[in-house]
Amino acid sequence: MKKGFSRAGLNPSPSEHMHDNKTSISALYDSHVHWLMTGEKKSYFDIQKYRCLSDIAPSDFQPQNYRGGWIFGFGWTDSQLVNANGLKDVDRLSPTSPLCFIKKDAHSCLLNSAALKHILPHIENVPTLQPFIERDSSGALTGVLKESAFYSIYAHIPALSPSEIRRCLLVAQDYFLDNGFTHIRDMTCSMPQWSVLKDMQKNGELKVVADINFNAETSSHALETLIPFALLERATKYRNLNIQGIKIFSDGSLGSNTAWLFENYKGTKQNGIGLWSNEDMLSVMKQCWQNSLEFSVHALGDKAVDSVVDLARSLYSQKIRGYLNLEHVQLLAPETIIKMKSLFVRCHMQPSHWLSDKKFLNEKLNHKTLKNLFAWEALRRAKVPFSFGSDSPIEEASVDLTRIALEDSAQAGIEALQEPFLSFYTYPVTSNDSKLYVTHFENGKVIKVDLPPIHTGN
Ligand SMILES: [Zn+2]
């Protein structure tokens, strides 16, 4: 049994004392997942197993990689584009059908020319999207769309039908349960997904308990559409579904050089981007809190986290208070932690990102920024609550992968967590109900998951 594994958990069952290699945990919670995309990814073409894009052959695509005439793939990184022109590669793979390869961090995509021809007319004249349409030094398109330009393509590609959404959610539910997770927190629910989820609840198809967050693209999307919708829908209580609030992206990712930092990226004159104006973020935060919805923000860079915390404090000073969830918090300055202590805040961290990102962290980040990486131990010392999760499908939803990441990062000089890590995996809301969900581990592997009887109706 690896250290930290057999002793942890807030609700350990007596069985763990009988055998050192056995542990049972109630309400095992992955605090940051993309439920639908976890299911969708299972049918995407897997780019991760190739050394570079030029190794892929057109005959490698399978029928399930197609959706409405488009080819979808997932998982490329910059290292697979080295010495190559990504656009040329994807045009070779698919000269006529539109193709979309999503980057491993899900903050960028690579489109072929057929897809660009379809998408560009909708986005190239929108000034806020132009900076995210990547061009090379000669001004030619590279095929890469980042952040909001990437997310905007979803309005123009064939949408999933309700039955496809249901199939993907079920596939992902099985995946989470196989990995021991009985509780999840979904970060990117949409109105169509919510209506499928309600049907699944009625039909007795839901086994996991899910906190649901609606993803807002813009402040008007949040204020005019999603918040009124969430309030209306929240009036009905569901056994397995809990509408938690609204989620937005305040910055990007380190992999795409879009995480917003205090310092510049190493060897560059840029420090990433804040994707929302203060005014827009304040208006959504305020509207959420005045309606008892939680406000969740993707904030990965140290500057992004700090600026969200400052905005929250400015509302608190006007006696407008509510729950703030900070997503990823991969970089966090010590002075920001001090400011967090007066807020109802919870950080949602994914240690496994360390294993994916460690390859490029030294290349991309200055010395001063590196010191702010993965500050779980500083948060624990400051008694700021935080939860662990996977960001599935970006990383595998696996407790054991987190254990490996925590051990590996500690060896590389990240301050080690001084508490059994499984304590950060339990559902933060304790109820009698959570005791009915128990995940049994043996030698770090999930061997059995106990669930309450299936529930039909709301
Ligand atoms: Zn995420």
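The values are calculated or read from the model by the stated rules, or taken from the named source; none is laboratory data. Every value quoted in this text rests on a predicted model; they were computed, and no experiment measured them. Note that each Cβ is placed from the backbone with ideal geometry, even for glycine, and that neighbours are counted across all protein chains shown.
From the list GLU377, GLU415, GLU395, GLU442, exactly one residue is in contact with a strand residue (DSSP E or B) (Cβ under 6 Å, 6 or more places away or on another chain), of a type outside the set (Phe, Trp, Tyr) and in contact (Cβ under 8 Å) with a residue 12 or more places away in the chain. Which is it?
Unique residue meeting the criteria: GLU442.
Tell me whether segment 91-106 contains one or more residues that are small (Gly, Ala, Ser) and not in a loop (DSSP other than H, G, I, E, B).
Within segment 91-106, not a single residue is small (Gly, Ala, Ser) and not in a loop (DSSP other than H, G, I, E, B).
Any residue at all in segment 210-221 that's surrounded by fewer than 17 Cβ atoms within 10 Å (Cβ to Cβ) and modelled with pLDDT of 95 or more?
Looking for residues that are surrounded by fewer than 17 Cβ atoms within 10 Å (Cβ to Cβ) and modelled with pLDDT of 95 or more, one finds at least one in segment 210-221, hence yes.
For segment 202-217, check the following and say yes or no: at least one residue is more than 22 Å from CYS288 (Cβ to Cβ), assigned to a loop (DSSP other than H, G, I, E, B) and within 16 Å of the ligand (Cβ to nearest atom).
Within segment 202-217, none of the residues are more than 22 Å from CYS288 (Cβ to Cβ), assigned to a loop (DSSP other than H, G, I, E, B) and within 16 Å of the ligand (Cβ to nearest atom).
How many residues does segment 332-363 hold that are in contact with a helix residue (DSSP H, G or I) (Cβ under 9 Å, 6 or more places away or on another chain) and among the basic types (Lys, Arg)?
Counting residues in segment 332-363 that are in contact with a helix residue (DSSP H, G or I) (Cβ under 9 Å, 6 or more places away or on another chain) and among the basic types (Lys, Arg) gives 3.
Take the conditions assigned to a loop (DSSP other than H, G, I, E, B), surrounded by fewer than 17 Cβ atoms within 10 Å (Cβ to Cβ) and either among the charged types (D, E, K, R) or out of contact with any Gly (no Cβ under 9 Å at 6 or more places or on another chain) (or both) and apply them to GLU396. Does it pass?
Values: assigned to a loop (DSSP other than H, G, I, E, B): yes; surrounded by fewer than 17 Cβ atoms within 10 Å (Cβ to Cβ): yes; either among the charged types (D, E, K, R) or out of contact with any Gly (no Cβ under 9 Å at 6 or more places or on another chain) (or both): yes.
Answer is yes for this residue.
Among the residues of segment 78-100, is there at least one that is surrounded by 19 or more Cβ atoms within 10 Å (Cβ to Cβ) and within 16 Å of the ligand (Cβ to nearest atom)?
The answer is no, given that none of the residues of segment 78-100 is surrounded by 19 or more Cβ atoms within 10 Å (Cβ to Cβ) and within 16 Å of the ligand (Cβ to nearest atom).
Looking at LEU120, LEU160, LEU145, LEU110, can you tell me which residue is out of contact with any Asp or Glu (no Cβ under 6 Å at 6 or more places or on another chain), in a helix (DSSP H, G or I) and more than 16 Å from the ligand (Cβ to nearest atom)?
Of the residues listed, the single one that is out of contact with any Asp or Glu (no Cβ under 6 Å at 6 or more places or on another chain), in a helix (DSSP H, G or I) and more than 16 Å from the ligand (Cβ to nearest atom) is LEU120.
Okay, residues lined up against (1) without any contact (Cβ under 8 Å) to a residue 40 or more places away in the chain; (2) within 16 Å of the ligand (Cβ to nearest atom); (3) buried (at least 21 other Cβ atoms within 10 Å of the Cβ); (4) in a strand (DSSP E or B):
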site	(1), (2), (3), (4)
ILE25	no, no, yes, yes
TYR29	no, yes, yes, yes
TYR50	yes, no, no, no
GLY75	yes, yes, yes, yes
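Restricting attention to segment 382-389, does a residue exist that is of a type in the set (Val, Ile, Thr) and either closer than 21 Å to ASN257 by Cα or not in a loop (DSSP other than H, G, I, E, B) (or both)?
no
Working only within segment 238-270, note down all residues that are free of Cβ contacts under 8 Å to residues at least 60 places away in the same chain, surrounded by fewer than 19 Cβ atoms within 10 Å (Cβ to Cβ) and part of a loop (DSSP other than H, G, I, E, B).
If the condition is that a residue be free of Cβ contacts under 8 Å to residues at least 60 places away in the same chain, surrounded by fewer than 19 Cβ atoms within 10 Å (Cβ to Cβ) and part of a loop (DSSP other than H, G, I, E, B), then GLY267, THR268, LYS269, GLN270 are the ones that fit.
Tell me whether segment 298-310 contains one or more residues that are away from the ligand (no atom under 16 Å from the Cβ), farther than 30 Å from GLU415 by Cβ, polar (S, T, N, Q) and in contact (Cβ under 8 Å) with a residue 40 or more places away in the chain.
The answer is no; no qualifying residue exists.
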